[in-house]
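As structure tokens, the structure follows; a few thoughts come after it.
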Amino acid sequence: MKAMIAETFFSMARGKSMDKITVTDLVERCKISRQTFYYHFKDIMDVLEWAMDETVGRTLERSLKVGSDQEAMEIFVSMMLENRDFIRHLLHSQHREQIERIIF
């Protein structure tokens, strides 16, 4: 459920400003109740933080399986480059400070 909510959030955030996405918008798109949303997350920023933690965790797992430090760094750099436009989009929101904290 958490992954589905996060994927829906990212899908929505690619199309419009993160500042304009509400919990109501998200639960309607997910076809879930507000109660279900709040069972898993406390707010929209919590969704973003969880999803980024998951992405970094999967990237870390992949990097630990390669043969060299250079290959491991390439995996992280590649992940950041693939999401560069989306990250810029997020950093232009009113939540920039929180997003920077999550990223770092």
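Computed quantities for the displayed model
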| read-out | value |
| --- | --- |
| Tilt relative to the chain, helix 69-82 - C-alpha long axis, 0 to 90 degrees, to 10 | 30 |
| Under the Karplus curve 6.51 cos²θ - 1.76 cosθ + 1.60, θ = phi - 60°, whole-Hz ³J(HN,Hα) for the stretch 3-17, x wherever Gly or Pro sits | 5, 5, 5, 5, 4, 5, 4, 5, 4, 5, 5, 6, x, 8, 4 |
| Per residue value of the accessible surface for the chain (all protein chains in place, 1.4 Å probe), Å² | 68 |
| Debye, to nearest 20: dipole size of the chain, +1 on Lys, Arg Cβ, -1 on Asp, Glu Cβ | 380 |
| Relative contact order computed over the chain (Cα-Cα under 8 Å; 6+ residues apart), in percent | 29 |
| Solvent-accessible area, 1.4 Å probe, carbon plus sulfur percent, for the chain | 51 |
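The values are calculated or read from the model by the stated rules, or taken from the named source; none is laboratory data. Since the structure is predicted, the reported quantities are computational estimates derived from the model, not experimental observations. Because the Cβ atoms are built from the backbone with ideal geometry, glycine has one as well, and the counts that use them run over all protein chains shown. Note: accessible area is taken over every heavy atom of the protein model, side chains too, but ligands, DNA and RNA are not part of it. Shrake-Rupley method; radii C 1.70, N 1.55, O 1.52, S 1.80 Å.
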